[in-house]
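The values are calculated or read from the model by the stated rules, or taken from the named source; none is laboratory data. Keep in mind it's a predicted model, so treat the numbers as computed, not measured. Positions of Cβ are backbone-derived with ideal geometry, glycine not excepted, and every protein chain shown enters the neighbour counts. Note: areas computed on protein heavy atoms with side chains; ligands, DNA, RNA excluded. Shrake-Rupley method; radii C 1.70, N 1.55, O 1.52, S 1.80 Å.
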Amino acid sequence: MNDILVVGFYTVNTPYEHEKETLQVSLEALGYEYNFKPVENLGTWQKNTQYKAHVLKEFLQEYPGQKLLYLDVDAIMVSSVSMLENIDCDIAAVHFAKTTELLSGTLYFAG
């Protein structure tokens, strides 16, 4: 078992509630522990995605010192993230291919 906890959230009574099930299967197959929080639908996709900061703050407070990998629940993990096991940073994110756009669907927190 690795020392990274995968976290995320989904909006209740939306398709994302079922998307998390596929992600859970992929994480279990690779031996990752996870915690996904249900949140109420705030009415729009934009408001729901902006709520991510609140959820991340809760996870960071709930798991102090724990390495956390945030994934949007419509993701699927196809291989381990061993490159994160020894990464030397506090926070990591993904840039969209060859642009400066920073994506927030995958975020790493060193703990």
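Annotations for the structure displayed:
- Between helix 52-62 and the chain: long-axis angle, C-alpha atoms, 0 to 90°, nearest 10: 50
- Span from the segment 47-76 Cα centroid across to the segment 83-105 one, whole angstrom: 15
- Relative to the longest principal axis of the Cα atoms of the chain, helix 16-30 runs at roughly 20 degrees.
- From its DSSP helices (H runs of at least four residues, each -39,500 (n - 2.57)), the chain gives a residue-normalised ellipticity at 222 nm of -8500 deg cm²/dmol.
- Accessible surface computed residue by residue for segment 12-70, with neighbouring protein chains in place and a 1.4 Å probe, gives 63 Å² per residue.
- Working note: Karplus 6.51/-1.76/1.60 with θ = phi - 60° gives segment 37-48 the couplings 9, x, 10, 5, 5, 8, x, 9, 4, 4, 5, 4 Hz, where Gly and Pro are set to x.
- Taking amide H as placed 1.01 Å from N in the peptide plane, the amide H of V94 sits under 5 Å from that of L103, T106, each at least 5 places away or on another chain.
- Highest mean packing comes first when the peptides 23-32, 91-100 are listed by Cβ atoms within 10 Å, giving 23-32, 91-100.
- Less than 5 angstrom separates the built amide H of K67 from those of L5, all sequence-distant by 5 or more or on a different chain.
- Gain on full stretching of the segment that runs from H18 to K57 - 0.36 nm per residue minus C-alpha separation: 11.7 nm
- Compared with the alpha-carbon gap, the fully stretched path from Q50 to V94 is longer by 14.1 nm at 0.36 nm per residue.
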